[in-house]
Amino acid sequence: MGELSNLDGLAGYALQQVEKLRQMQERMAELTGEGRSADGLVVARTGPGGRILELRIDDAALRLGKARLGADVTAAVSTAQEAYARQADDLLADGLGVRPSDPNPSFERGMARLDELTDQLEDMTRRLEQ
């Protein structure tokens, strides 16, 4: 923690954290989740924000009726979104040391600390520019 006692140390630390977050954002943007209906006739692939990237429906699924097709699409998309969420949770746990899905408030404290560091870095940048 000694390196945070001076302006250069704090600035360097903050820049490292910002870079780490940038890299995590890039990796999260590349993640996809895949889900299938129970019979495998519907396959969905989702990305950030739950966005559907791909939806494949086998011809056989079309013959099962509207209600069944709707249930299969919902199941495949939901499974894909859950798969994406698990990957994102793992990525954030690796990068931040806390798991967003964990009900422990340490994640919120960690995010508050990152906000503090960002504010400090912005303040230092303003002072250096003067």
Which residue is nearest to residue 95 (Cα to Cα), if the candidates are limited to the stretch 52-73 and must be surrounded by 11 or more Cβ atoms within 10 Å (Cβ to Cβ) and among the charged types (D, E, K, R)? 54
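Have a look at 64, 96 and point out the one that is modelled with pLDDT under 95 and under 28 Å from residue 28 (Cβ atoms).
On the way: 64 fails: under 28 Å from residue 28 (Cβ atoms).
Result: 96 is the single residue among 64, 96 that is modelled with pLDDT under 95 and under 28 Å from residue 28 (Cβ atoms).
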Taking the stretch 77-91 on its own, how many of its residues are in contact with a Lys or Arg (Cβ under 7 Å, 6 or more places away or on another chain) and either over 17 Å from residue 46 (Cβ atoms) or hydroxyl-bearing (Ser, Thr, Tyr) (or both)? 1
Flagged in the stretch 107-120 as under 11 Å from residue 14 (Cα atoms) and hydrophobic (A, V, I, L, M, F, W, C), in numbering order, are 114, 117
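Enumerate the helices (runs of 4 or more DSSP H) found wholly within the stretch 1-112, keeping only those where 2 or more residues are out of contact with any helix residue (DSSP H, G or I) (no Cβ under 6 Å at 6 or more places or on another chain) and in contact (Cβ under 8 Å) with a residue 40 or more places away in the chain. Give the steps one after another, and end with the answer.
Values: elements: 7-30, 59-62, 66-96.
Result: 7-30, 66-96.
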Among the numbered conditions (1) within 21 Å of the chain's Cα centre (by Cα); (2) surrounded by fewer than 12 Cβ atoms within 10 Å (Cβ to Cβ); (3) closer than 30 Å to residue 12 by Cα, tell me where residue 123 comes up short. (1)
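The values are calculated or read from the model by the stated rules, or taken from the named source; none is laboratory data. All of these numbers come straight from a predicted model, not from anything done at the bench. Methodologically, a virtual Cβ is constructed for each residue, glycine included, from the backbone with ideal geometry; neighbour enumeration extends over all protein chains shown.
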